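Below: the structure, in structure tokens.
The values are calculated or read from the model by the stated rules, or taken from the named source; none is laboratory data. All values reported here derive from a predicted model rather than from experimental measurement. Cβ atoms come from the backbone with ideal geometry, glycine included; neighbour counts cover every protein chain shown. For accessibility, only protein heavy atoms count, side chains too; no ligands or nucleic acids. Shrake-Rupley method; radii C 1.70, N 1.55, O 1.52, S 1.80 Å.
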Amino acid sequence: MKQKIKQDENGNIGKNIRSIRIARGIGQTELVRLLDLQGISITRECLVKIERGIQHVQVKQLKAIKNELETTYEELLK
């Protein structure tokens, strides 16, 4: 069973992922490639939807994104 984290109107997970990614100088395509190297199957289109808050992020995706962006869950979930 895949666990998904639902973003609500108060959740900024997608916005936080995007701002941290940009601050690190990592493009969407590069992040997708790095996630693929971790065995996380995600498309650039999927990442765009997650960053816009219109698609749920899976727990394993969030964990991999956290690792690649070298950040904390606290920063992603604030």
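Looking only at segment 47-70, decide whether some residue is open to solvent by 80 Å² or more (accessible area, probe 1.4 Å), polar (S, T, N, Q) and outside any strand (DSSP E or B). No. Residues that are modelled with pLDDT under 95, touching a helix residue (DSSP H, G or I) at 6+ places or on another chain (Cβ under 9 Å), outside any helix (DSSP H, G or I) and of a type in the set (G, A, S) are absent from segment 22-31 altogether.
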